[in-house]
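Notes for the one structure printed next.
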Amino acid sequence: MTEDTAPAGPLTGVRVVELAGIGPGPFTAMLLADMGADVVRVDRASVVDPSAFGTPHPDLLNRGRRSIGVDLKQPAGRDLVLDLVAGAEVLLEGFRPGVTERLGLGPAECHAVNPNLVYGRMTGWGQDGPNAGYAGHDIDYLALTGALHGIGRADEPPVPPLNLLGDFGGGGMMLAFGVVCALHAVRAGGTGQVVDAAIVDGVAVLSTQIHALRRMGMWQDARGANLLDGGAPFYATYECADGRHLAVGALEPQFYAELVRRTGFEPPEGEGRDRTDPGQWPAARRHWAELFRSRTRDEWVELLGSGDACVAPVLDWAEAPEHPHLAARGVFVSPDGVTQPAPAPRFSRTPGAIRRPPPHPGEHTDEILAELGRSGAAIRRLRDGGAVA
């Protein structure tokens with residue numbers, strides 16, 4: 001599918017300028033591009049390699065947009081980005097606080113050329129606060145919000161949940177949400193504004209239910225002792241006879257009853273029969289573990305996979321795209337033979353689509369400059385001076 005053949009997405013007509021970064025910022029830009037936004041990624045001129053042009057870049061987070069190579073430290077490069085901003089609705093940046101201001105591309109400079117601009121900022125700690133100027137990574141932000149404390153087995157150290165919860169859930173997804181909200185405000189008659197998306201803020205919001213459960217006396221601070229953190233034997237993972245694993249999520253009584261019925265689970269009295277008694281959970285876990293080790297993962301899936309027992313195989317990265325349910329829904333797609341997650345969520349009238357493969361830095365420099373009205377001679381001068389590549 002190309003930009004010309006893809007259906008119009010809900011953000012068709014929105015122009016976004018992305019100052020290249022890593023992780024959650026590019027994820028936000030990918031989400032907007034998947035939904036039809038025209039995203040121009042401003043890459044560093046120093047990383048441009050024309051010999052790679054014409055082949056997809058391996059970083060799938062960069063899909064769906066065009067790239068221009070610019071030296072932001074040169075006045076001509078800065079002015080070029082401001083020209084892009086003048087015709088855009090959104091700018092995305094993920095530098096440390098104060099960096100774009102020093103480059104002359106902060107909110108004040110950008111709003112001077114485009115008062116209606118939505119200026120989206122992605123950081124871990126936020127634009128202010130005692131930690132704002134420090135380096136950090138996903139695991140640090142989770143640690144500070146309490147989220148990391150709750151992930152892991154009882155009596156074992158916390159386990160980082162990849163970087164999905166912080167970088168992408170609390171970070172990139174929240175920035176995308178904030179940008180769309182601010183765009184709506186502009187289109188309702190407001191002016192542009194800054195969206196300060198901090199991973200610590202986003203992860204804290206994602207943990208609201210846990211705070212609510214604590215207030216209701218339904219959550220212990222001890223790790224691995226609760227319904228949703230692996231403490232409950234009916235919401236956990238188990239190893240099977242072949243060393244692969246099952247995920248069991250039979251939280252509600254009726255689903256647990258089906259799981260028991262279909263597996264024939266019958267531990268001795270007082271050793272796990274009463275699912276409502278947390279004191280019996282350790283014994284129940286031992287008996288469930290013994291039972292699940294009696295068959296292979298796929299044998300259990302054959303027995304339990306269709307129905308309301310809430311059991312699913314723990315698939316690896318290669319297996320997941322081949323699962324019949326995910327295949328039927330098109331959860332993964334393979335444009336140009338590269339398997340990757342499809343755009344989400346779905347829309348009945350304006351679906352998302354992967355309109356372009358990930359570009360190499362600077363691959364569309366001349367095309368974008370021409371759209372800005374730069375002549376061939378002007379482009380050569382910019383390139384000869386090192387402002388673009």
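Laboratory data are not the source of any read-out in this text; all were calculated from the coordinates shown. Keep in mind the model is a prediction, meaning the values are calculated, not measured. Note that each Cβ is placed from the backbone with ideal geometry, even for glycine, and that neighbours are counted across all protein chains shown.
Rounded to the nearest 20 debye, the dipole size of region 15-121 about its Cα centre is 140 debye, using +1 on the Cβ of Lys and Arg and -1 on the Cβ of Asp and Glu.
When you count the other C-beta atoms within 10 angstrom of each residue and take the mean per peptide, 89-96, 349-356 line up highest first as 89-96, 349-356. Projecting label points 7 angstrom from Cα along Cα→Cβ for Asp49 and Phe347 puts them 3.6 nm apart. Projected label points at Asp83 and Glu156, each 7 Å from Cα along the beta carbon direction, are separated by 5.7 nanometres.
Could you tell me whether region 33-86 comes out rounded, prolate or oblate from its Cα gyration tensor? Rule is a ≥ b ≥ c as square roots of the eigenvalues, rounded for a/c under 1.5, then prolate if a/b exceeds b/c, otherwise oblate. In terms of gyration-tensor shape, oblate.
Of all DSSP beta bridges confined to the chain, the antiparallel ones make up roughly 30%.
Going by the alpha-carbon gyration tensor, a ≥ b ≥ c the square roots of its eigenvalues, is region 1-115 rounded (a/c under 1.5) or, if a/c is not under 1.5, prolate (a/b greater than b/c) versus oblate? Oblate shape, in that a/c is at least 1.5 and b/c is the bigger or equal ratio. Whole Å is fine, so just give me how far the alpha carbon centre of region 311-389 lies from that of region 24-62. First find each Cα centre; the distance between them is then 7 Å.
Extension gain, Leu326-Arg381: 0.36 nm per intervening residue step, less the Cα-Cα distance, totals 14.7 nm.
Quick check on region 201-313: take the gyration tensor over C-alpha atoms, sort the square-rooted eigenvalues as a ≥ b ≥ c, and tell me if it's rounded (a/c under 1.5), prolate or oblate. Prolate, because a/c is 1.5 or more and a/b exceeds b/c. Farthest toward the positive end of the dipole of region 191-262, out of Ala204, Gln254, Leu227, is the Cα of Gln254, where the dipole comes from beta carbon charges about the Cα centre.
One compactness figure for region 339-381 is 1.79, namely its Cα radius of gyration divided by 2.2 N^0.38 Å. In a reduced charge model with +1 at each Lys and Arg Cβ and -1 at each Asp and Glu Cβ, the chain shows a dipole moment near 660 debye about its Cα centre. Selection among Gly171, Ile139, Met216 by position relative to the dipole of region 131-234 gives Met216 as farthest towards the positive end (Cβ unit charges, Cα centre). Descending by average beta-carbon neighbour count within 10 Å, the peptides 282-295, 326-339 line up as 282-295, 326-339, the highest first. For region 1-68, with the dipole built from +1 on Lys and Arg beta-carbon atoms and -1 on Asp and Glu ones, taken about the Cα centre, which of Ile68, Pro50, Leu19 lies farthest toward the positive end? The residue sitting most towards the positive pole is Leu19. Most tightly packed first, judged by the mean number of other beta-carbon atoms within 10 Å of their residues, the peptides 59-72, 312-325, 10-23 read 59-72, 10-23, 312-325. Across the chain, the fraction of Cα-Cα pairs farther apart than 28 Å, rounded to a whole number, is 56%.
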